[in-house]
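Notes follow the structure.
Only the coordinates and a few stated rules stand behind these numbers; no lab work does. These figures come from a predicted structure and were not determined experimentally. Neighbour counts run over all protein chains shown; Cβ positions are idealised from the backbone, glycine included.
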Amino acid sequence: MIDRTTIAFVTGANRGLGAQFVARLLARGAGKVYAASRAGDVVIRDARVMPVALDITDDASVARAVTLAADTTLLVNNAGANLHSAFLARDSMAAARAEMEVNYFGTLRMARAFAPALIASEGAIINVLSILARTTLPAMASLCASKAAALRLTESLRAELAPYHVRVFAALPGAIDTDMSRDFDGPKLSPADVADAALDALSGSTSEVYIGAMAQQLAHGLATARAATQAQLLSLR
Ligand SMILES: NC(=O)c1ccc[n+]([C@@H]2O[C@H](COP(=O)([O-])OP(=O)(O)OC[C@H]3O[C@@H](n4cnc5c(N)ncnc54)[C@H](OP(=O)(O)O)[C@@H]3O)[C@@H](O)[C@H]2O)c1
């Protein structure tokens, strides 16, 4: 549930899905939205939007951001990196480290820094993962590993924060129409629809939200015919 008491903090808010999280939070009546980006630029002009410069891989940058935004009640960990790398590809070690730094350690760093504010407000966290947190796609092998790590992180944070009445959600979309998926030819979700589906979870009863037909079909396949579903994905190049 979003209303004027909602003070949201969105990472990676300068483009793609993050910019749509900001727009949809404003449309739903949020009181304030911290729009964080590495450049600290303003993407949506609105009196309720506070631009924040933030690199989630940097301790000092995260510490500065949480000082500015200590009134946050909803943290949207949206920032992510996808180097489109297979494990045996030429720079795969560097790609795997970069993805882990952003998708796993960055998300962990943000959750740790904002936990006191979220405990004080009995707030919520939405971690933007991917359906690829549940399986593997060889052409994006290290991305899948980093999102799988972030899913375990999300589950553990949910357990650690539950006694403080802080809810922790995992958003697992399929392909979205943003820069990250510009080379993917298949059907893509609109970023606004994905943001809406993730925000709807706040008033629902499920904490793991599969967004779009692709994610929902894959989740169903993994639950009912895991080997066949996995084999189908492994055949994709
Ligand atoms: N696109 C898809 O098909 C898809 C599917 C499933 C899940 N997702 C997830 O959705 C989320 C948003 O991705 P997107 O599709 O909107 O991709 P995008 O357009 O490539 O945007 C990625 C965002 O993350 C930010 N970011 C990257 N590294 C950062 C860092 N170290 N510190 C702070 N911000 C950083 C980028 O900032 P800069 O502009 O400064 O680089 C950018 O704002 C990601 O978590 C992604 O994994 C995307």
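How big is D for the chain, in µm² s⁻¹ as a whole number, if Stokes-Einstein is applied with the Kirkwood radius of its Cα pairs at 10 °C and 1.306 mPa s?
Estimated via Stokes-Einstein, D reaches 89 µm²/s.
Charges on Cβ only, +1 for Lys and Arg, -1 for Asp and Glu, centred on the Cα centroid of the stretch 38-90; of Ser61, Ser85, Ala47, which one is farthest towards the dipole's positive end?
Ser85
For the stretch 95-191, which GluC sites (Glu not before Pro) pass both filters: DSSP loop (anything but H, G, I, E, B) and at most 12 other C-beta atoms within 10 Å?
When the GluC sites (Glu not before Pro) of the stretch 95-191 are filtered for loop state and at most 12 Cβ neighbours within 10 Å, Glu122 remain.
Between Asp200 and Gln216, 0.36 nm times their residue separation minus their Cα-Cα distance comes to what?
Residue separation times 0.36 nm, minus the Cα-Cα distance, leaves 4.2 nm.
Between the alpha-carbon centers of the stretch 127-182 and the stretch 1-42, tell me the distance in whole angstrom.
So the separation of the two Cα centres works out to 19 Å.
Normalised by the residues of the chain, what does the relative contact order come to in percent, with Cα pairs under 8 Å and at least six apart?
18 percent
Is the shape of the stretch 141-208 rounded, prolate or oblate, going by the alpha carbon gyration tensor and its root eigenvalues a ≥ b ≥ c, with a/c under 1.5 for rounded and a/b larger than b/c for prolate?
Oblate, since a/c reaches 1.5 and b/c is not below a/b.
Please list, by residue number, everything in the stretch 61-97 whose backbone N is under 18 Å from a paramagnetic label point 7 Å out along Cα→Cβ of Arg152.
Answer for the stretch 61-97: 96-97.
If I model a spin label as a point 7 Å beyond the Cα along the Cα-Cβ vector, how far apart are those points for Ala39 and Leu68 in nm?
Those two pseudo-labels are separated by 1.5 nm.
May I ask which residue of Ser142, Val209, Asn14 lies farthest towards the positive end of the charge dipole of the stretch 7-234, with charges of +1 (Lys, Arg) and -1 (Asp, Glu) on Cβ and the Cα centre as origin?
Among Ser142, Val209, Asn14, the one farthest towards the positive end of the dipole of the stretch 7-234 is Val209.
Please give the calculated 222 nm ellipticity per residue for the chain, where each DSSP H segment of at least 4 residues contributes -39500 (n - 2.57) and the sum is spread over every residue; nearest 500 deg cm²/dmol?
The helix contribution divided over the chain gives -12500 deg cm²/dmol.
So how far apart, in nm, are the two label points at Ser235 and Ala223 if each is 7 Å from Cα heading toward Cβ?
2.4 nm
Work out the length of the dipole vector of the stretch 7-234 about its Cα centre, built from +1 on the beta-carbon of each Lys and Arg and -1 on the beta-carbon of each Asp and Glu, and round it to the nearest 20 debye.
With only Lys, Arg, Asp and Glu charged at Cβ, the dipole is about 120 debye.
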